[in-house]
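Working notes for the structure below.
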Amino acid sequence: MPTEILVKVKNLTKKYPIQKGFWSKTIGHIHALNNVSLDINKGEIIGIVGESGCGKSTLGKLILRLLEPSGGEVFHNNVNIFNVTGKELRSLREKIQIVFQNPYSSLNPRMKIKDIVAEPLIVHKKCTSKKDLEAKVTEILGLVGLEKDYLDKYPHQLSGGQRQRIAIARTLSLNPEFLVLDEPVSALDVSIQAQILNLLLDLQKKLGLTYLFISHDLSVVSYIANKIAVMYLGHIVEVGSKKDIIQNPQHPYTKALLSAAPKIHGSQNEKIILKGDIADPSNIPSGCVFRTRCPIAKDKCKDIIPNLEKHNNQLAACHYAGEF
């Protein structure tokens, strides 16, 4: 059965100006995202992994049109999301949603749980009566494993895991088909992380959802995702199936990430210590962006930017993919 592309990211770029002086003169740019392309198939869970500041969250926000790009396009169901306005944009907002990292700050502390979950339904006029609204909210709470006793509680009365369940419930209220999950478990205890990950997997199967799961933790990504994209300094340096990425990484940065993660089934955890620090995003190195820390970098890496090309079963942006 052929795969159906739900979201297509094409040559996406995001730059932030660096301004100085009384007149706020632009003296340079921070390159948050550089010419990123990615296909997200319907029903897929794709994990985006990389160090802090590599552009993961920027990519997620651009895909949701929470940010405007400096260049490139994002297509949702073959429609360029940066071209839609008015009713089309409103309709798009229903289909694509986000779960933020911190449930302690993403929920309004002055609103009861029933009002937090009901707010999107009210804004988008999805319920015709108060009774219908309450029934819908109760149904949505049930989806995330919470009973109607929680309706009249406030966020401060709940645990971190319960708050994140409420945040997930809010995103599900409009029956979306695509969710961006931006570090949704990193603020939670490890035991609670597993519960939330299992809930997300159950919801994905039950509702036929598509996920973009963002995390700095490769072990978490490997648990939930069936496809993994590795990012470094605003670039995707490798993308492929979970099995191929973990068992046979083609990019040296991917191998270094695997060596730093807790033992993942099928991975070879020979410790790799990367030299130096991640480059300044306002002063991107010439050639390969990873070359200043790469253990196998050669002269060619200084001058030529490697394309994301097929190596083994996955795509990797490295002139010497697999040669380590």
DSSP beta bridge pairing in the chain, given as percent antiparallel to the nearest 5: 60 percent
Listed peptides 187-199, 165-177 by packing density, highest first (mean Cβ within 10 Å): 165-177, 187-199
Cβ-defined net charge surrounding residue 74, 9 Å radius [Lys, Arg +1; Asp, Glu -1]: +2
Charge tally in the Cβ shell below 10 Å around residue 223, where Lys, Arg are +1 and Asp, Glu are -1, residue 223 excluded: 0
Coil-residue trypsin sites (Lys or Arg not before Pro) of the range 283-324, DSSP, other Cβ within 10 Å capped at 15: 298
R0 of 22 Å, Cβ-Cβ distance residue 286-residue 310: FRET efficiency to nearest 0.05: 0.35
Kirkwood-based Rg to Rh ratio, the range 64-174, C-alpha trace: 1.03
Value of [θ]222 nm, deg cm²/dmol, for the chain, DSSP H segments ≥ 4, -39500 (n - 2.57) each, nearest 500: -9000 deg cm²/dmol
Degrees separating the helix 160-172 axis from the principal Cα axis of the chain, which is the longest one: 80 degrees
Highest average packing first - 275-286, 106-117, Cβ atoms within 10 Å: 106-117, 275-286
Choice from 102, 78, 35 showing the highest fluctuation, given a GNM over the chain with Cα pairs closer than 10 Å: 78
Two-site FRET efficiency, residue 303 against residue 4, from Cβ-Cβ distance with R₀ of 30 Å, rounded to 0.05: 0.15
HN-Hα J in Hz across the range 310-324 - Karplus 6.51, -1.76, 1.60, θ = phi - 60°, x for Gly and Pro: 6, 9, 6, 9, 10, 9, 9, 9, 7, 5, 10, 3, x, 8, 8
Under 17 Å from the Cα of residue 298 - aspartates and glutamates, other chains or at least 8 residues apart: 323
Size of the chain as Cα extents on the principal axes (Å, biggest first): 69, 53, 44
In nm, spacing of pseudo-spin labels at residue 90 and residue 260 (7 Å Cα→C-beta vector): 4.5 nm
Charge tally in the Cβ shell below 13 Å around residue 61, where Lys, Arg are +1 and Asp, Glu are -1, residue 61 excluded: 0
The range 115-233 - convex hull of the alpha-carbon atoms, volume per residue in Å³: 123 Å³
Mean projected area in nm² (Cα convex hull; one quarter of hull surface) for the range 227-324: 5.9 nm²
Ellipsoid semi-axes in whole angstrom, largest first, where each is sqrt(5λ) of the Cα gyration tensor of the range 8-123: 27, 21, 16
Mean Cβ neighbour count within 10 Å, used as a protection proxy, ranking 207-217, 19-29 highest first: 207-217, 19-29
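Any read-out appearing in this document is the output of simple, stated calculations on the displayed coordinates, not a laboratory observation. The model shown is predicted, which means the values in this text are computed figures rather than measured ones. For neighbour counting, all protein chains shown are included, and Cβ atoms are generated from backbone atoms with ideal geometry for every residue, glycine included.
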